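Asker: First, the structure itself, so that you have it in front of you.
What follows draws every value from the coordinates through simple rules; no lab data is involved. Since the model is a prediction, treat every value here as computed from it, not as a measurement. Here the Cβ positions follow ideal geometry from the backbone for every residue, glycine too, while neighbour counts run over all protein chains shown.
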Amino acid sequence: MAETKAQLEDRVAELEQEITTKEAEKASLQSMIENLSKELAEKVSGLEQALASEKEAKAALEAENAELLNTLQAQHEKLNEVAEKSVTSLSQTVSVDGKEYDVSVQKFNFKGREITAAELLEDGKLQRELLKIGSGVLKEIV
């Protein structure tokens, strides 16, 4: 029984040593888990900040895009208006003293002032003055 007791005591000592080793391993693993958890939390925080920055940048780009689209649409509408006016203004005529005259230019200079065809169409006095001096701006339609 003495051998058995000695064997049992040796076995208890071995098991106690294993317990001590396992507890040290457990403490080491818990420390590693804590460190990894901190690293993970930092990385998650960094990613969340990056995501927030990306969302802000996306929102800013979408706002800028919307503004550019609005500007483009407004310019497109203006271009269409100008194109319509140009098409209708290509064959502009005026009637002076019962005779029809074609306005042959879109704009011209007269007495140091730039005058558009639209202004000429509205100004009967200017029409008569141009006809009086024989200007080529108004051409009689025969």
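Conditions (1) surrounded by fewer than 10 Cβ atoms within 10 Å (Cβ to Cβ); (2) aliphatic (A, V, I, L, M), marked per residue:
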site: Glu3; (1), (2): yes, no
site: Asp10; (1), (2): no, no
site: Leu15; (1), (2): no, yes
site: Lys22; (1), (2): no, no
site: Ser31; (1), (2): no, no
site: Leu36; (1), (2): no, yes
site: Val44; (1), (2): no, yes
site: Lys55; (1), (2): no, no
site: Ala63; (1), (2): no, yes
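Asker: Take Thr93 and tell me if it is exposed (fewer than 10 other Cβ atoms within 10 Å of the Cβ), over 28 Å from the mean Cα position of the chain (by Cα) and of a type in the set (Val, Ile, Thr).
Answerer: no
Asker: Can you report the number of residues in the range 113-142 which are without any contact (Cβ under 8 Å) to a residue 24 or more places away in the chain and of a type in the set (Val, Ile, Thr)?
Answerer: Summing the residues that are without any contact (Cβ under 8 Å) to a residue 24 or more places away in the chain and of a type in the set (Val, Ile, Thr) in the range 113-142 gives 4.
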